[in-house]
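Right, one structure below, let's go through it.
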Amino acid sequence: TEQEAEFIPLNGRLYFANNTGFETYLDLFKEFCRTYGLTVLVDNNNKVVKANTMDKLYQNKSIAKDWSGKTSKSGIEMGFVLDGYGQNNFLRFEKAKVGDEELEEKGNFYIDNRTLGKWKDLFTLKWESGKDVRAGGLELAYIPIYEYSIEGVTEVKKFKGTKPHLVRVRQISTNPYVISNHITAQSLLDNYYDKLISRMLVKARTMNVELVLNEQDIEELDYFTPIYLKQFGAYFYISKISNFISNKKLTKVELIKL
């Protein structure tokens, strides 16, 4: 949902759920972007923050910018861009313990490249691992926010709070109630990291080139608009611009082939 920026102080503390580990709006926004594999772009002119998965980049091939005339004949290097990855890559939630049961929610994907290490932990999200339990015939997310004790012959329930859980809430058409289920790490990878994994990382061709760029090229730069180079008959994602200086002839640019 959208909300006017003046109502959300960027460095302000959360006014809700301040026991979950997210202290500010910015903390929560960063974790949201990591969770759903979002790349963030800031439009300073319109004061808008845009966040997209890599799917957007492939959808924008039809509006790619043709930079064929900006290439230099020298300084072209081909390579791979797999720094920070392994053959088997893991995305994890924080571990949890429910009674005597230890929970560890994780998802993974493979890259068929024997030059990489056998496995790599990418990062651990702040969501706590959880499980779904049956209640009234429906699967419900179990979130342990209470602790129980016996005082005399009476069971006492006390609120203790919990780390944040990531759940999906949905309406049951034949029932006035809603149910919630935990979102798994694997479903995040499959649904939101798909283009990054299946196209960019698995194929992983990178190219370092020197381009003749001007101030307008930099001002209008949108990382979700691919560039096209007819010399290679391919579209590219701009990964990095290293040394742009106004009025300087050549600029080093790292490209990833789409």
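The values are calculated or read from the model by the stated rules, or taken from the named source; none is laboratory data. Please read all numbers here as calculations on a predicted model, not as lab measurements. All Cβ positions, glycine included, derive from the backbone under ideal geometry; neighbour counts span all protein chains shown. Note: accessible area is taken over every heavy atom of the protein model, side chains too, but ligands, DNA and RNA are not part of it. Shrake-Rupley method; radii C 1.70, N 1.55, O 1.52, S 1.80 Å.
Could you look through region 23-35, keep only residues that are in contact (Cβ under 8 Å) with a residue 24 or more places away in the chain and open to solvent by less than 40 Å² (accessible area, probe 1.4 Å), and pick out the one that is farthest from Ala185 (Cα to Cα)? It would help to see each step written out before you state the result.
Residues of region 23-35 that are in contact (Cβ under 8 Å) with a residue 24 or more places away in the chain, as a first pass: 31, 34-35.
In the following step, the residues that additionally are open to solvent by less than 40 Å² (accessible area, probe 1.4 Å) were identified as 31, 35.
Numbers: Glu31: 14, Thr35: 9 Å.
Within region 23-35, the match that is farthest from Ala185 (Cα to Cα) is Glu31.
Among the residues of region 213-222, are any touching a Leu at 6+ places or on another chain (Cβ under 6 Å) and open to solvent by less than 50 Å² (accessible area, probe 1.4 Å)?
Keep residues of region 213-222 that are touching a Leu at 6+ places or on another chain (Cβ under 6 Å), which gives none.
No, region 213-222 contains no residue that is touching a Leu at 6+ places or on another chain (Cβ under 6 Å) and open to solvent by less than 50 Å² (accessible area, probe 1.4 Å).
Yes or no, residue by residue, for (1) surrounded by 17 or more Cβ atoms within 10 Å (Cβ to Cβ); (2) modelled with pLDDT of 85 or more:
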residue: Lys158; (1), (2): no, yes
residue: Gly161; (1), (2): no, no
residue: Ile172; (1), (2): no, no
residue: His182; (1), (2): yes, yes
residue: Leu189; (1), (2): yes, yes
residue: Val202; (1), (2): no, no
residue: Pro226; (1), (2): yes, yes
residue: Ile245; (1), (2): no, no
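Kindly establish whether Val42 is open to solvent by 80 Å² or more (accessible area, probe 1.4 Å) and either modelled with pLDDT of 90 or more or within 21 Å of Tyr223 (Cα to Cα) (or both). I'd like the intermediate steps shown before the answer.
On the way: open to solvent by 80 Å² or more (accessible area, probe 1.4 Å): yes; either modelled with pLDDT of 90 or more or within 21 Å of Tyr223 (Cα to Cα) (or both): yes.
Judged against the criteria, Val42 is a match.
Checking the structure you have, find out if any residue of region 134-149 is in contact (Cβ under 8 Å) with a residue 12 or more places away in the chain, surrounded by fewer than 16 Cβ atoms within 10 Å (Cβ to Cβ) and of a type in the set (Asp, Glu).
yes
Checking Val209 against (1) open to solvent by 50 Å² or more (accessible area, probe 1.4 Å); (2) over 20 Å from the mean Cα position of the chain (by Cα), which test does it fail?
(1)
Just one of the numbered conditions (1) open to solvent by less than 70 Å² (accessible area, probe 1.4 Å); (2) in contact with a Pro (Cβ under 7 Å, 6 or more places away or on another chain); (3) within 25 Å of Tyr58 (Cβ to Cβ) is not true of Tyr235; which one?
So the condition that Tyr235 fails would be (1).
Looking at Ile245, is it of a type in the set (A, V, I, L, M) and more than 23 Å from the chain's Cα centre (by Cα)? I'd like the intermediate steps shown before the answer.
Details: of a type in the set (A, V, I, L, M): yes; more than 23 Å from the chain's Cα centre (by Cα): yes.
Taking the combined requirement at face value, the residue satisfies it.
Determine whether Gly152 is open to solvent by 60 Å² or more (accessible area, probe 1.4 Å) and modelled with pLDDT under 85. Lay out the reasoning, then the answer.
On the way: open to solvent by 60 Å² or more (accessible area, probe 1.4 Å): yes; modelled with pLDDT under 85: yes.
Yes, satisfied.
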